[in-house]
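Here, each number is a calculation from the coordinates, and none is a lab measurement. As the structure is a prediction and not an experimental result, all values here were calculated from the model. Backbone-built Cβ (ideal geometry, glycine too); neighbour counts: all protein chains shown.
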Amino acid sequence: MKNERMGFIKWYTNKLVTRPIVTKCISSFVILGLGDVLCQYLNFHYFNKEEHVGQKFKLDYIRAIKQGSVGFIHSPVYHYQYSILFPRIFEGTRFGLAKCVLWDQTINTFFALFVFYVYLDLVNGESFSTALHHFEIKFKATIIDNWKVWPLVQAINFSLMPAEYRVFFVNIVGIFWNTYLSYIQNVVIKRIKKQREIEKEEKTNISNNLNQNSKSVQTVKTDLNNGKNL
């Protein structure tokens with residue numbers, strides 16, 4: 001068993017060197033997908049279990065595959081940043097680690113969240129304008145929590161991990177983070193939509209009532225005028 005494990009590690013390490021982008025993309029696909037699977041399971045059994053009383057858990061494979069596919073967009077960008085850009089521009093310079101973390105937690109974080117949320121909305125059939133609107137809502141809900149977790153993780157990543165393992169390290173930690181993102185993408189936004197539908201329905205009812213009242217007033221006025229004419 002130990003030899004098999006070491007053999008896999010050796011094989012995976014070799015793939016990171018010989019085919020880095022493909023290897024990292026596939027790894028990201030699997031780990032992002034696992035994050036959504038975990039989110040579905042936790043949402044069904046713990047987060048919103050009162051909504052699923054008497055139901056049997058059924059995994060939405062398509063949803064997990066869609067989330068996993070984000071990895072094919074993220075990973076090439078991460079690869080070039082972590083393995084090429086950062087070592088050449090930041091590492092070895094004064095405050096190099098701080099520069100890496102600052103870049104990652106501003107430019108890179110905005111890119112990652114934008115791609116994650118907008119891409120998933122688009123593949124789920126939303127228009128681009130709707131996806132942008134949803135992104136604004138989800139970004140505000142996510143960014144503060146992001147800064148509570150990732151600066152420390154990335155400081156460890158950039159200071160201790162070899163360049164070829166950085167994307168993999170981010171992915172491993174990201175299993176739990178991706179579960180959180182999946183929750184924001186699939187659960188929180190549904191609640192927001194539902195609340196807006198309720199508010200829209202209430203406004204429609206109020207508008208209809210006002211129109212009916214207006215018509216009633218107009219009818220009374222008409223009746224009064226007719227009475228005077230008589």
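Exactly which trypsin sites (Lys or Arg not before Pro) in the stretch 73-161 are in a DSSP loop and have at most 10 other Cβ atoms within 10 Å? Don't skip to the end; give the middle numbers.
Working: sites: Arg88, Arg94, Lys99, Lys138, Lys140, Lys148; in loops: Arg94.
Taking the stretch 73-161 and a limit of 10 other Cβ atoms within 10 Å, the loop trypsin sites (Lys or Arg not before Pro) found are Arg94.
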*If you build the Cα gyration tensor of the stretch 2-191 and take the root of 5 times each eigenvalue, what three semi-axes come out, in whole angstrom, biggest first?*
30, 21, 15
*So for the stretch 1-62, Kirkwood radius off the Cα pairs, Stokes-Einstein at 25 °C and 0.890 mPa s: how many µm² s⁻¹?*
171 µm²/s
*Contour minus end-to-end for Phe176 and Leu102, with contour as 0.36 nm per residue of separation and end-to-end as the Cα-Cα distance?*
24.4 nm
*Under the Karplus curve 6.51 cos²θ - 1.76 cosθ + 1.60, θ = phi - 60°, whole-Hz ³J(HN,Hα) for the stretch 137-151, x wherever Gly or Pro sits*: 5, 6, 4, 4, 6, 9, 4, 5, 5, 4, 6, 7, 10, 7, x
